[in-house]
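Q: This is the structure, below, for whatever I ask next.
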Amino acid sequence: MKISEIANILDYDYIGEDCDIVGIAYSNEASERDIAVIRSKSEIPGVRSKVLLTRPILIPISKTLIVTYDDIGYAINKICDILIQRGLKCNYSLPVKFAKTNGDYYVGQKCNIANDTTIYPNVYIGNDVSIGHGCIIEPNVVIGSGTEIKDHVTIGSGSRIGADSFYHYYDELEIIHQFSGIGKTIIEENVRIGCNCIVQRGTISNTYISRDTVLGNGIDVGHDVKLGKNCKVVSQTGIAGNVKVKDNVIIYGQVGISNDVVVGKNVVVKAKTLVSKSIEDNKIVFGMYGREYDKELRIASKLRREYGRKEE
């Protein structure tokens, strides 16, 4: 589809050479034929795409710009609607017409489920879902449309995989809306997901849980999150959208990770920690400010000496 067509339909300006595109993605994941979403000027140097979606900026650049005055989330939503209408992207938020199986679970259209996978009763599987060999899907699980589950994955009771993304934008009247996303949810081999977990589908990229990773019970994984290999995430943790967790990370219980954070390899995040900024490889962090573990203990010790303990 031509950039000029999109600009004409949406009444956006475009600056530069007209060219064909096939999709839309965040700047760090956009291919040469995607529209790259630019949220800050610092993202521009590493972009492979020829076309950038941006709000007005003053910067010399050789790439084609689609310029919008809309909220950037609203602009993404409108472009995605066009891509869906032209058949370039799938709409995974459409209602599913389920068909009941002999195993007392329910399946949508165009699904591919391996014969040796065990699916318990009262499971709902959306459209365009693939489930590999040797998986176990426990009762009362919902698997959203567009989900890909590889071999030997276990999903605990009450979990929802591929839920609509919790991503909001404001329209031209400043009314808030939710964008359900056009991305997929991809679960790699040997992943184990506990009970009552939510894994949100991606917005314009995919949510990804890499092989050999374990999620405990009651965990919320946000849209477009990338969890690396051999990670362990303990119960009641919340991981916000667009977070990247690299390989061999341990995240203990009741941790909160803010959006767009990168957690390096071999990191340990202690229980009840708030992670609001990126963490380098091989660190141990703890506390409400996500400081290095030893530093946080020294600060806590100093505060106790300074102020003493309250008498009961």
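Q: Among the residues of segment 3-26, is any assigned to a helix (DSSP H, G or I), in contact with a strand residue (DSSP E or B) (Cβ under 6 Å, 6 or more places away or on another chain) and without any contact (Cβ under 8 Å) to a residue 60 or more places away in the chain?
A: So far as segment 3-26 goes, yes, one or more of its residues are assigned to a helix (DSSP H, G or I), in contact with a strand residue (DSSP E or B) (Cβ under 6 Å, 6 or more places away or on another chain) and without any contact (Cβ under 8 Å) to a residue 60 or more places away in the chain.
Q: May I pose another question? Out of all the residues in segment 45-60, which are out of contact with any Leu (no Cβ under 7 Å at 6 or more places or on another chain), modelled with pLDDT of 85 or more and open to solvent by less than 60 Å² (accessible area, probe 1.4 Å)?
A: The answer is Val47, Ser49, Val51, Leu53.
Q: Another question, if that's okay. Name the residue, out of Lys265, Lys295, Lys272, Lys302, that is outside any strand (DSSP E or B), under 30 Å from Ala30 (Cβ atoms), open to solvent by 30 Å² or more (accessible area, probe 1.4 Å) and charged (D, E, K, R).
A: Lys265
Q: What's the total number of residues in segment 99-118 that are part of a loop (DSSP other than H, G, I, E, B), open to solvent by less than 90 Å² (accessible area, probe 1.4 Å) and not aliphatic (A, V, I, L, M)?
A: 8
Q: Consider Arg39 against the criteria (1) modelled with pLDDT of 95 or more; (2) open to solvent by 50 Å² or more (accessible area, probe 1.4 Å): it satisfies all of them except one. Which criterion is unmet?
A: Of everything listed in (1) modelled with pLDDT of 95 or more; (2) open to solvent by 50 Å² or more (accessible area, probe 1.4 Å), Arg39 misses just condition (1).
Q: If you don't mind, there's one more thing I want to ask. From Thr154, Thr147, grab the single residue that is polar (S, T, N, Q), without any contact (Cβ under 8 Å) to a residue 60 or more places away in the chain and closer than 18 Å to Asn91 by Cβ.
A: Result of the check over Thr154, Thr147: Thr147.
Q: Being under 22 Å from the mean Cα position of the chain (by Cα) and either closer than 20 Å to Ile182 by Cα or surrounded by fewer than 14 Cβ atoms within 10 Å (Cβ to Cβ) (or both): is that true of Ser31 here?
A: Answer is yes for this residue.
Q: Also, quick follow-up: Find all pairs meeting these conditions: Cβ atoms under 8 angstrom apart; at least six residues apart or on different chains; first residue within segment 63-80 and in contact (Cβ under 8 Å) with a residue 12 or more places away in the chain and farther than 16 Å from Ala30 by Cα; second residue hydroxyl-bearing (Ser, Thr, Tyr) and in a loop (DSSP other than H, G, I, E, B).
A: Listed pairs, sorted by first residue: Val67/Tyr12; Thr68/Tyr12; Ala75/Tyr12; Ala75/Thr68.
Q: Output the number of residues of segment 184-215 satisfying the condition of being open to solvent by 20 Å² or more (accessible area, probe 1.4 Å) and in a loop (DSSP other than H, G, I, E, B).
A: Summing the residues that are open to solvent by 20 Å² or more (accessible area, probe 1.4 Å) and in a loop (DSSP other than H, G, I, E, B) in segment 184-215 gives 9.
The values are calculated or read from the model by the stated rules, or taken from the named source; none is laboratory data. The structure displayed is predicted, hence computed values, not measured ones. Cβ: placed from backbone, ideal geometry, glycine included. Neighbour counts: every protein chain shown. Just the protein is used for accessible areas: all its heavy atoms, side chains included, with ligands, DNA and RNA removed. Shrake-Rupley method; radii C 1.70, N 1.55, O 1.52, S 1.80 Å.
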